[in-house]
Amino acid sequence: MSNKELEAAMFHNTDSLYFKKNDKVKEARDFASDYIKFIGSAKTEREVVEYAIGILGENAAPYEYGKKYSTGDVVYVNNRNKSLVAVRFGRKPLNEGLRIIASHVDSPRLDTKPNPVYEDNGLAFIKSHYYGGIKKYQWTAIPLAMHGTVILRDGSKVKVTIGEAEDEKCFCVTDILPHLAYKLQGDRKEAEVIKGEELNILAASIPEQDTEYKDPVKYTLMKYLYENYGITEDDLITSEIEFVPAFRPRYLGIDESMIGAYGQDARVCAYAATVAFAETEDPEYTSMLVLADREEIGSQGNTGLDSNMIANIVADMCRANGGYPDIVLNRSKCFSSDVSAAFDPTFSSAYEVRNASKINCGVSIEKYTGARGKSGTSEATAEYYAWVRSILDGNNIPWQADELGKIDEGGGGTVAKFIAALGADVIDIGAPVLSMHAPFEVTGIFDIYALHEADKEFLKAE
Ligand code: MN
Ligand code: MN
């Protein structure tokens, strides 16, 4: 063996030329173009769930509790339109375990407060309560679109989308001009440059001429909502309204090798997983796709994974189809599919470069997440990691092993630990993202394609 060959055999390599060398550029570009349609039109967890059910296709039916299913049946539990669990029954009995891909479909955004609408000095605003970990200053001075589900007094449900169409009106949070920011913001720390109570969404400025109300501009805003949607102030209380960046997803870079878009954490993973699940017909093991809500705020709640959502469905599947839930879950294998922090040379001091994933060098794998001494995380065993590695290497899927930044720099978590708590083997796998949680996140098209391939091979693997 030459020294060069010996080096290749001994060292782990990440290779951004992998796709070019292996003639997979066209496949990756085609996949990216479908992904762009998805990420540009599904901007809330509800919209992702609806889109995902569409991807599952006509053969997928709503799950019926207590029903016996056959090999090949595809069913889904639509959990309150905000999270989704889909199951494809395999050849093997449930007691052999499931192949689970779990991702999350909620993203950081500005929700509305219960009493959101007010007028101040001739301008109408909407009070927001941010959702998830955001750098608040990033959410000012950009166009925002309103996506809402509002339940009216009579119980009817109204969907509102304002600001997505090319020339449609939109909204924004204002920021103070630099000329006047010196005193006001100069001494504030990053987290406080914009405060939570300053994330007020500008929504109207012309007063209603013919009224004598004390809030004539607020009147203008409410009148629009009432006349177009039948929405009153009380209806705004019984609603879920999310303000999200209004810009379109775009190819990024002169080589169009990246995608810039809102909400890619973790919808890029949810999309790859959903397509892989839909494409992988006839698996040996029963496969399960989980698109969870509420990950960005800790997974609590009945649509998040810090709940009995998965366990309850598995229990019911076992009742009707034979199997023991504890055994099924203990023998299950899971991809917790979420994004990782791509290495950013501009902020290199936050990363440990030997353990950081790079854009377009393959799927990123995290054995554990957590922070400061591996606290608050599950961890994949060496044996399970080796099994995953054998799938990736066996199918020539490029992968990178990383951690989320330097040990004591910060940290984060995913849904992995909640699935580990059910007894399953779980590892984090996903795509590296630049500017994570920003209104415009960046992914690599080759990573997205590699992730989709990894998901498919995982669902098929012995
Ligand atoms: Mn995530
Ligand atoms: Mn996140």
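The values are calculated or read from the model by the stated rules, or taken from the named source; none is laboratory data. Quick caveat, the model's predicted, so the values are computed rather than measured. Positions of Cβ are backbone-derived with ideal geometry, glycine not excepted, and every protein chain shown enters the neighbour counts.
Does residue 97 satisfy the criteria of being buried (at least 18 other Cβ atoms within 10 Å of the Cβ), farther than 24 Å from residue 38 by Cα and in contact with a Phe, Trp or Tyr (Cβ under 6 Å, 6 or more places away or on another chain)?
Judged against the criteria, residue 97 is not a match.
Please tell me if residue 16 is modelled with pLDDT under 95 and among the small types (Gly, Ala, Ser).
Yes: the conditions hold for residue 16.
Tell me, yes or no, whether segment 425-440 has at least one residue that is closer than 16 Å to residue 267 by Cα and more than 15 Å from ligand 1 (Cβ to nearest atom).
Yes: segment 425-440 contains one or more residues that are closer than 16 Å to residue 267 by Cα and more than 15 Å from ligand 1 (Cβ to nearest atom).
Among the residues of segment 396-403, are any among the β-branched types (Val, Ile, Thr) and within 20 Å of the chain's Cα centre (by Cα)?
So far as segment 396-403 goes, no, none of its residues is among the β-branched types (Val, Ile, Thr) and within 20 Å of the chain's Cα centre (by Cα).
Looking at segment 368-391 only, could you name the residues that are among the hydrophobic types (A, V, I, L, M, F, W, C) and either out of contact with any helix residue (DSSP H, G or I) (no Cβ under 8 Å at 6 or more places or on another chain) or on the phi > 0 side of the Ramachandran plot (or both)?
371, 382, 386, 387
For residue 140, state whether it is more than 16 Å from ligand 1 (Cβ to nearest atom), surrounded by 21 or more Cβ atoms within 10 Å (Cβ to Cβ) and under 25 Å from the mean Cα position of the chain (by Cα).
Judged against the criteria, residue 140 is not a match.
Looking only at strands (runs of 3 or more DSSP E) that fall completely inside segment 95-161, which ones have 1 or more residues that are aromatic (Phe, Trp, Tyr)?
109-120, 123-131
Can you find even one residue in segment 301-319 that is within 16 Å of ligand 2 (Cβ to nearest atom), within 21 Å of residue 35 (Cβ to Cβ) and at pLDDT 95 or above?
no
Determine whether segment 172-194 contains at least one residue that is touching a residue at least 40 places away in the same chain (Cβ under 8 Å), touching a Ser or Thr at 6+ places or on another chain (Cβ under 7 Å) and over 15 Å from residue 244 (Cα atoms).
yes
Would you mind stating whether residue 203 is away from ligand 1 (no atom under 16 Å from the Cβ) and at pLDDT 95 or above?
So residue 203 fits the description; yes.
Considering only residues that are surrounded by 24 or more Cβ atoms within 10 Å (Cβ to Cβ), β-branched (Val, Ile, Thr) and away from ligand 2 (no atom under 13 Å from the Cβ), which ones fall in segment 264-300?
274, 286, 290
Can you pull out the residues in segment 95-115 that are within 16 Å of ligand 1 (Cβ to nearest atom) and out of contact with any strand residue (DSSP E or B) (no Cβ under 7 Å at 6 or more places or on another chain)?
If the condition is that a residue be within 16 Å of ligand 1 (Cβ to nearest atom) and out of contact with any strand residue (DSSP E or B) (no Cβ under 7 Å at 6 or more places or on another chain), then 106, 107 are the ones that fit.
Of the conditions (1) touching a helix residue (DSSP H, G or I) at 6+ places or on another chain (Cβ under 7 Å); (2) farther than 30 Å from residue 133 by Cα, residue 204 fails just one. Which one is it?
The number of the failed condition is (2).
Per-residue answers, yes or no, for (1) touching an Asp or Glu at 6+ places or on another chain (Cβ under 6 Å); (2) part of a strand (DSSP E or B); (3) β-branched (Val, Ile, Thr); (4) modelled with pLDDT under 95:
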| position | (1), (2), (3), (4) |
| --- | --- |
| 327 | no, no, yes, no |
| 336 | yes, yes, no, no |
| 341 | no, yes, no, no |
| 347 | no, no, no, no |
| 354 | no, no, no, yes |
| 359 | no, no, yes, no |
| 364 | yes, yes, no, no |
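Please go through segment 395-417 and give me each residue that is within 14 Å of ligand 1 (Cβ to nearest atom) and surrounded by fewer than 24 Cβ atoms within 10 Å (Cβ to Cβ), ordered by number.
Selection gives 411, 412, 413, 417.
Can you list residue pairs whose Cβ atoms sit under 7 Å apart, with the first residue in segment 423-436 being among the hydrophobic types (A, V, I, L, M, F, W, C) and the second being in a loop (DSSP other than H, G, I, E, B) and within 12 Å of ligand 1 (Cβ to nearest atom)? Count only pairs 6 or more apart in sequence or on different chains.
431/339; 433/339; 436/339
Can you find even one residue in segment 339-346 that is in contact with a strand residue (DSSP E or B) (Cβ under 6 Å, 6 or more places away or on another chain), away from ligand 1 (no atom under 15 Å from the Cβ), closer than 30 Å to residue 434 by Cα and among the hydroxyl-bearing types (Ser, Thr, Tyr)?
The answer is no; no qualifying residue exists.
So is residue 141 assigned by TED's automatic domain parsing to the domain that holds residue 79, among the aliphatic types (A, V, I, L, M) and in contact (Cβ under 8 Å) with a residue 12 or more places away in the chain or not?
No: the conditions fail for residue 141.
Filter segment 271-322 for residues that are closer than 17 Å to residue 423 by Cβ, more than 16 Å from ligand 1 (Cβ to nearest atom) and either aromatic (Phe, Trp, Tyr) or assigned to a loop (DSSP other than H, G, I, E, B) (or both) and give the result.
285, 307, 308
Looking at segment 347-367, which of the residues that are under 21 Å from the mean Cα position of the chain (by Cα) and of a type in the set (D, E, K, R) is farthest from ligand 1 (Cβ to nearest atom)?
Within segment 347-367, the match that is farthest from ligand 1 (Cβ to nearest atom) is 358.
Does any residue of segment 207-223 turn out to be farther than 24 Å from residue 25 by Cα, among the hydrophobic types (A, V, I, L, M, F, W, C), away from ligand 2 (no atom under 16 Å from the Cβ) and free of Cβ contacts under 8 Å to residues at least 40 places away in the same chain?
No, every residue in segment 207-223 fails to be farther than 24 Å from residue 25 by Cα, among the hydrophobic types (A, V, I, L, M, F, W, C), away from ligand 2 (no atom under 16 Å from the Cβ) and free of Cβ contacts under 8 Å to residues at least 40 places away in the same chain.
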